[in-house]
Each structure stands twice: as C-alpha cells, then as structure tokens.
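The values are calculated or read from the model by the stated rules, or taken from the named source; none is laboratory data. Predicted model only: the values in this text are computed from it and were never measured. Because the Cβ atoms are built from the backbone with ideal geometry, glycine has one as well, and the counts that use them run over all protein chains shown.
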C-alpha cells in the first residue's frame, strides 16, 4: 500500500488523547470489530485532524460529530463496521461517495491500493485534500462531483462505500462495481429507519443483505451550488 502512517509530529497527541485512542480501539473490539487490519487502520488515523477544532476533546469518543456544510463525521464504530464489511484487500481499488472531512477515506487508505472519493461540497473536498496531503496519503484521490453517478472514468471498482443514505442503491454505482465486488451503504428514508446494506455482485446478479440500523445524512444528487 502507498498510504502512509501519520507521525504524531503533524499534530502531536496529548497523553489524554493517547489514552482515549487506546480506549476507543478496545471499545471497538468489545462491540464486535474483529478485523485486525481495520482496527490498525483506525488506530493509525488521527481523528482529531478530521473534526472541527471545537470538538477536539471528543475526537476519540465513539460518536459522530458535526462538520462544515451541515454534514457529520461518522462515529468510529460505524466507520470500522462498514470498513470490515467491505473485506478490503491491499490490491483493491475503492470508491467512496461522500468524502466529508476525509476521515473514512483516510482509514480506507491504510487498507486499499487506491481510494477515489467524491464530495458534492467544494469546501469539504478542498479541506479533505489538504488533510490527505498533510498526512502524505498519496493513494487517495478526491473529486468534487455527483456521487450518485459514481466515477465512471475510474470504474470498475473492487469496493464501493457510500457514507450518506438513499432510498435505494443508485444504479450507476451497481454498474461500476466489478464482478465479485462489494458495495456497502446506508439505505432508508432521511427521516425514517435506515440500515446498512451489503451488496455483492455475482455476474449480472446482486446479492443483498440488510444489517445494522443507522442514521446518516441523506445522499443528495448533483454538486452543491455553494460552499
């Protein structure tokens, strides 16, 4: 993998943060995350760099936090859970829809060969790219665009993850998933029940499994006109 581990000189962790990070990894294990690769990727990713400075003290708590443009950074358990479902190998090419602050993409960068991530808000995409550069995550490429349409120029993808909820899986994303590939995303209404859905492509068939109940921001078509 070409993604690199952040050394703490970029923004040194306090001793309290180090303890909270250890406690977070232990909590994820206790909640059933078994993949040592996913746990190591979470541990390598400095979440405090991906949250609003006002919430720095909560950076290593297992909770979602607000970010710019009315979006959120997912709670670490959900990030770990979805990452584990993807079963990423170190030769895989991954598409993420919904870059946000870049936290999920940064975690994926430690698991996959290449990560392509799409964000509809230019502000979020630029800030995420700056974080990737600061952390020397050279295997992550970001784009401002309509995630519902996927990234046709880079398709097909071994794995696809969507970090916003839709009423159903967008057909364009299914079409861009390679044979044997896995897609993971929340499905459900913005105001109602949502569940993580795992889709495995087998030729022209898509095997679907409905899993964890969650609450995500809605997946919105198009690029944002502002921000």
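List of remarks:
- All positions within region 190-214 that are in contact (Cβ under 8 Å) with a residue 24 or more places away in the chain and more than 18 Å from residue 174 (Cα to Cα): 190, 194, 211, 212, 214
- The single condition among (1) buried (at least 23 other Cβ atoms within 10 Å of the Cβ); (2) touching a strand residue (DSSP E or B) at 6+ places or on another chain (Cβ under 8 Å) that residue 52 does not satisfy is (1).
- Criterion (at pLDDT 95 or above and touching a helix residue (DSSP H, G or I) at 6+ places or on another chain (Cβ under 7 Å)) met by exactly one of 30, 59, 40: 59
- Restricting attention to region 131-149, the residues being assigned to a helix (DSSP H, G or I) and more than 16 Å from residue 173 (Cα to Cα) number 4.
- Residue 100 vs. criteria under 24 Å from residue 53 (Cα atoms) and either surrounded by 19 or more Cβ atoms within 10 Å (Cβ to Cβ) or without any contact (Cβ under 8 Å) to a residue 24 or more places away in the chain (or both): yes
- Cross-chain or 6+ apart pairs with Cβ under 7 Å, region 48-69 first and on the phi > 0 side of the Ramachandran plot, then surrounded by 20 or more Cβ atoms within 10 Å (Cβ to Cβ) and assigned to a loop (DSSP other than H, G, I, E, B): 69/121
- If you go through region 174-215 and keep only what is assigned to a loop (DSSP other than H, G, I, E, B), surrounded by 14 or more Cβ atoms within 10 Å (Cβ to Cβ) and modelled with pLDDT of 95 or more, you end up with just 176.
- In the set (1) touching a helix residue (DSSP H, G or I) at 6+ places or on another chain (Cβ under 6 Å); (2) within 14 Å of residue 163 (Cα to Cα); (3) touching a residue at least 40 places away in the same chain (Cβ under 8 Å), the condition left unmet by residue 140 is number (2).
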